[in-house]
Amino acid sequence: MFWNKPTDPVCKMKLKKVTQFKSEFQNKTYHFCSLNCKQKFDKSPREYAK
Ligand SMILES: [Zn+2]
């Protein structure tokens with residue numbers, strides 16, 4: 001399966017595997033290392049999404 005290592009847009013950490021923490025914003029899926037990062041993103045996605 002194609003796996004394009006995502007980067008957590010909040011803490012900039014490269015994720016080694018997909019976690020349950022993800023959000024969709026403007027038709028893109030973002031992955032996070034932790035619930036903490038996901039919540040930060042969900043509060044102000046425009047600050048983190050590119
Ligand atoms: Zn993170």
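In the set (1) away from the ligand (no atom under 13 Å from the Cβ); (2) touching a helix residue (DSSP H, G or I) at 6+ places or on another chain (Cβ under 7 Å), residue 49 fails one condition alone, (2). The set of residues from the range 21-46 being within 9 Å of the ligand (Cβ to nearest atom) and among the basic types (Lys, Arg) comprises 38, 40.
Filter the chain down to the residues that are in contact with a Leu (Cβ under 7 Å, 6 or more places away or on another chain) and part of a loop (DSSP other than H, G, I, E, B), then identify the one that is modelled with the lowest pLDDT. Only one residue tops the list, namely 5.
Beta carbons closer than 6 Å, at least 6 apart along the sequence or on distinct chains, pair a first residue in the range 11-28 that is under 11 Å from residue 41 (Cβ atoms) with a second that is away from the ligand (no atom under 13 Å from the Cβ) and assigned to a loop (DSSP other than H, G, I, E, B) for 25/49. Residues in the range 12-20 include none that are more than 14 Å from the ligand (Cβ to nearest atom) and surrounded by 10 or more Cβ atoms within 10 Å (Cβ to Cβ).
The values are calculated or read from the model by the stated rules, or taken from the named source; none is laboratory data. From a predicted model like this one, the values you see are computed outputs, not experimental measurements. So basically every Cβ, Gly included, is an ideal-geometry build from the backbone, and we count neighbours across all protein chains shown.
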